[in-house]
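One structure is given below, encoded as structure tokens.
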Amino acid sequence: MLVSRRDFVRAAAGTVLIAPGLAAAWQPEGAAGGKGGEGTWFAWRGVAPGAHVAIGEGGNSTLLIAGGHALLVDTKYAPFGATLRREAGALGAAPTLVVNTHHHADHTAGNSAFTGDLPVIAHENAAPRILAQTDRYRQMLRAGVAAVSGATGKPPAAIDRVTREARARADAEPGLTPQSWAPTKTVGAEDALDVGGVKVAVHHFGPGHTDNDLVLHVPSLNLLIAGDLLFSGLHPFMDPPGGATSRGWIESLTKAIALCDDKTVVVPGHGEVSDVAGLRGQIGYFENTRAAVAEAIAAGRTREQAQAIDLPEYAAYGLRDLAQKRALGAIYDEIRAGR
Ligand SMILES: [Zn+2]
């Protein structure tokens, strides 16, 4: 099991752990097991030859191992950076390159365990947003030891080990600077990486989930790492101050779908590993929600009333309390602004 969301929220309560609302934007519990086997903190899923996804403690992280190199995509919550690095290394090759799919703290807070000696790449719009989150990252590190040591459903030895790692990160916190989390290299619309001979195309399709989303495409593995452009089986978290727009999100997804076929493995930012149907379903979510909100506006409903719209087709989706009202409100604002 993971450090329960409840435990982590409780440990971090009142400390402004991460971006408003994002504290809860992590995995459904019960994802233990998977590739990596017994004794790993994260649930690791093998998704393609040499490619693994770590679920838990923030957004999904993807590890791509090839030719003695390893690309790590996204670094989870701050206390788990060192744990992620160790467990990634145990799968075959220590990370040699890190990419952040966007600036949200559940994808970047672990960066400080990597920036000292590895290149960390993010979109150019992510860099100032990451720098602005330094206090939040520090608070996460300080709250981490209590959260990890109080975890339930993990073997005691694993809790001890990860608590030691979280404590080491917390002890290092006073010596860290904003640069300890910042990307060491930024990219614009496109970039091309070589990971031990495997080509990885990096795309920014414009504003979507944020104004700095990166999508990674590995053609030789037919693998797409979608970041938070895809919330798989979950209500999508909308952050307009971070650049989110439902219309842009739909456009970005449309461009991502153009890279896929019916066999493409799509790694979401949150939720279980998916495929092109998942991307289409995410578009459907926004189209349906926009239509429902537009109807409410046409009927003279207020923003609050629009936020209370029932979405029965998504009744089984997770993150309802965190994300549904927020999404409806953001979409209301967008449509009222003529977007
Ligand atoms: Zn996000």
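Based on what the data block shows, is Ala226 part of a loop (DSSP other than H, G, I, E, B) and in contact (Cβ under 8 Å) with a residue 40 or more places away in the chain? Judged against the criteria, Ala226 is not a match.
The set of residues from the range 104-126 being within 16 Å of the ligand (Cβ to nearest atom) and part of a helix (DSSP H, G or I) comprises Ala105, Asp106, His107, Thr108, Ala109, Gly110, Asn111, Ala126.
Across the range 235-261, the number of residues qualifying as open to solvent by 10 Å² or more (accessible area, probe 1.4 Å), under 17 Å from Asp106 (Cβ atoms) and either away from the ligand (no atom under 11 Å from the Cβ) or more than 16 Å from the chain's Cα centre (by Cα) (or both) comes to 1. Quick check on this structure: which one of Gly278, Gly329 is part of a helix (DSSP H, G or I), more than 16 Å from the ligand (Cβ to nearest atom), open to solvent by less than 40 Å² (accessible area, probe 1.4 Å) and in contact with a strand residue (DSSP E or B) (Cβ under 8 Å, 6 or more places away or on another chain)? Answer to the check: Gly278.
Exactly one residue out of Gly37, Gly30, Gly58 is at pLDDT 95 or above, out of contact with any strand residue (DSSP E or B) (no Cβ under 6 Å at 6 or more places or on another chain), assigned to a loop (DSSP other than H, G, I, E, B) and not β-branched (Val, Ile, Thr): that is Gly58. Only one entry in Ala323, Ala294 is within 16 Å of the ligand (Cβ to nearest atom), assigned to a helix (DSSP H, G or I) and open to solvent by less than 50 Å² (accessible area, probe 1.4 Å), namely Ala323. Here the condition is being closer than 26 Å to Pro268 by Cβ, open to solvent by less than 60 Å² (accessible area, probe 1.4 Å) and assigned to a helix (DSSP H, G or I); of Ala151, Ala158, it holds for Ala158 alone.
Answer yes if at least one residue in the range 127-135 is within 14 Å of Glu57 (Cα to Cα), in contact (Cβ under 8 Å) with a residue 24 or more places away in the chain, away from the ligand (no atom under 16 Å from the Cβ) and not in a strand (DSSP E or B), and no otherwise. Scanning the range 127-135, I find no residue that is within 14 Å of Glu57 (Cα to Cα), in contact (Cβ under 8 Å) with a residue 24 or more places away in the chain, away from the ligand (no atom under 16 Å from the Cβ) and not in a strand (DSSP E or B), so the answer is no. Only one entry in Asn100, Asn60 is within 27 Å of Met238 (Cα to Cα), in contact (Cβ under 8 Å) with a residue 24 or more places away in the chain and touching a helix residue (DSSP H, G or I) at 6+ places or on another chain (Cβ under 7 Å), namely Asn100. Looking at Thr62, is it within 16 Å of the ligand (Cβ to nearest atom), in contact with a His (Cβ under 9 Å, 6 or more places away or on another chain) and among the polar types (S, T, N, Q)? Judged against the criteria, Thr62 is a match.
The lone criterion from (1) open to solvent by 20 Å² or more (accessible area, probe 1.4 Å); (2) touching a strand residue (DSSP E or B) at 6+ places or on another chain (Cβ under 9 Å); (3) of a type in the set (Asp, Glu); (4) in a loop (DSSP other than H, G, I, E, B) left unmet by Asp191 is number (4).
The values are calculated or read from the model by the stated rules, or taken from the named source; none is laboratory data. Keep in mind it's a predicted model, so treat the numbers as computed, not measured. Reconstructed Cβ throughout: ideal geometry from the backbone, glycine too, with neighbour counts over all protein chains shown. Calculation scope for accessible area: heavy atoms of the full protein, side chains included, ligands and nucleic acids excluded. Shrake-Rupley method; radii C 1.70, N 1.55, O 1.52, S 1.80 Å.
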